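Here is the structure we will look at.
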Amino acid sequence: VDTCLFDFQQLDYTPPFSCLILAIKLNEFKKKFPNVKFKASNFKHLKYASHIGFFKAFGLNFGKDMGEASGSDSYIPITEVKVKEIHEKSQQLKKHFNEHLVDESQKLATILTRQDSGELVETLSYSIREIWRNVIEHSKSDTYYYCAQYWQSKNQVEVGIVDLGIGIKKGLIQNPHIKVDSDYEALA
């Protein structure tokens, strides 16, 4: 195949986590087949996706860059975090990298809970930091991504956190005291 066309005509609703996963998978596809020309059509109606950085996240020159949208108290656009930059900033500040994650996890927890403070915000902020810390310490991924959205009309939230690391099973297998035979077992 010389050219691969991704047609977005049938897509009308693009929640943030779906955008994030699809952008990651399209990037993987492009890297796996570098000699195949990549084209997209019928995508300009997807305003939300273009605003949160979906199209530029996989290399289509349309909409905003990842993290370019300023976000608000109801959403965080697709945001790329480079692990190397976290370590560099932490070294400059002479602090553990986890301290660097406090503000961002607090911001995300505030959007998800619709509260500025309290036990729920602190618990969720801690949980998000733990996910990010595990990515940094165990996944061997150079980058991770996240996004979030609160829909007032539905009173619902959605958050997405994705890394391209080795996976939970491979991470656990490195510990000689843990035996797992499947990805499902690693998650249990």
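Worth pointing out:
- In the full protein context, region 64-113 carries 58 Å² of accessible surface per residue, based on a 1.4 Å probe and ignoring ligands, DNA and RNA.
- Three-way shape label, region 1-112, alpha-carbon gyration tensor, a/c 1.5: oblate
- A Gaussian network model of the chain, with springs between Cα atoms under 10 Å, assigns the largest mean-square fluctuation among Gln149, Gln91, Gln174 to Gln174.
- Counted charge near Val102, where neighbours are those whose Cβ lies closer than 14 Å (Asp, Glu -1; Lys, Arg +1): 0
- Sorting Phe33, Phe54 by solvent-accessible area of protein heavy atoms yields Phe33, Phe54, largest first, with a 1.4 Å probe.
- Portion, in percent, of the accessible area of the chain that falls on carbon or sulfur, probe 1.4 Å: 51
- Efficiency of FRET between Ile178 and Lys37 - r from beta-carbon atoms, R0 45 angstrom, step 0.05: 0.50
- Over the chain, Cα pairs under 8 Å with separation of 6+ residues give a relative contact order of 18 percent.
- Computed over the alpha-carbon atoms, region 58-162 gives an Rg to Rh ratio of 0.98, Rh here being the Kirkwood radius from the mean inverse distance.
- Figure note: Cys4, Cys147 ranked by solvent-accessible area, largest first, 1.4 Å probe, ligands and nucleic acids not counted: Cys4, Cys147.
- Simple spin-label estimate for Thr123 and Asp142 in nanometres, 7 Å along Cα-Cβ: 3.9
- With 27 Å as the limit on Cα-Cα distance, the pairs of Lys94/Lys170; Lys95/Lys169; Lys32/Lys64 that go past it are Lys94/Lys170; Lys95/Lys169.
- 30 Å Cα-Cα threshold exceeded, pairs from Lys39/Lys154; Lys37/Lys107; Lys25/Lys84; Lys56/Lys140: Lys39/Lys154; Lys37/Lys107
- Candidates per trypsin sites (Lys or Arg not before Pro) in region 101-173, loop by DSSP, up to 11 other Cβ within 10 Å: Lys154
The values are calculated or read from the model by the stated rules, or taken from the named source; none is laboratory data. All values reported here derive from a predicted model rather than from experimental measurement. Quick reminder, even Gly has a Cβ in these numbers, built from the backbone with ideal geometry, and neighbours come from all protein chains shown. Protein only, heavy atoms only, side chains kept; ligands, DNA and RNA dropped before computing areas. Shrake-Rupley method; radii C 1.70, N 1.55, O 1.52, S 1.80 Å.
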